[in-house]
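Colleague: Dumping the structure here so I can ask a few things about it.
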Amino acid sequence: MMPRFHKASVFHMLQEPLPDVIDLMSHSDVILGMHGAGWTNGLFVKRGAGALQLIPYGWVSEDGKTIRG
């Protein structure tokens, strides 16, 4: 029997109060997000949660060097 999944939510962390961010992160089973400083909120993720960080293909740094791709 397949487990029943809960809903997915889109959450813009910079637009929400920190207590709400902590509450959401501490109850999440999986987090998904773009590469960046927002991953600091991973400190609040519960033990055993999955995470997937996205990095744009062909991303170029400020000095013109390709980071990925």
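Colleague: For Ala37 and Ser9 in one chain, what is 0.36 nm times their gap in residues minus the Cα-Cα distance, to one decimal in nm?
Modeller: Full-extension gain reported as 8.1 nm.
Colleague: If you rank Trp39, Trp59 by how much accessible surface each has, with a 1.4 Å probe, what is the order from largest down?
Modeller: Per-residue accessible area, sorted high to low, gives Trp59, Trp39.
Colleague: Could you sort Leu18, Leu43 by accessible area so the largest value comes first, with the probe set to 1.4 Å?
Modeller: Leu43, Leu18
The values are calculated or read from the model by the stated rules, or taken from the named source; none is laboratory data. Small disclaimer: the values here were computed from a predicted structure and weren't measured. These area figures cover heavy atoms from the full protein model, side chains too; ligands, DNA and RNA do not enter into them. Shrake-Rupley method; radii C 1.70, N 1.55, O 1.52, S 1.80 Å.
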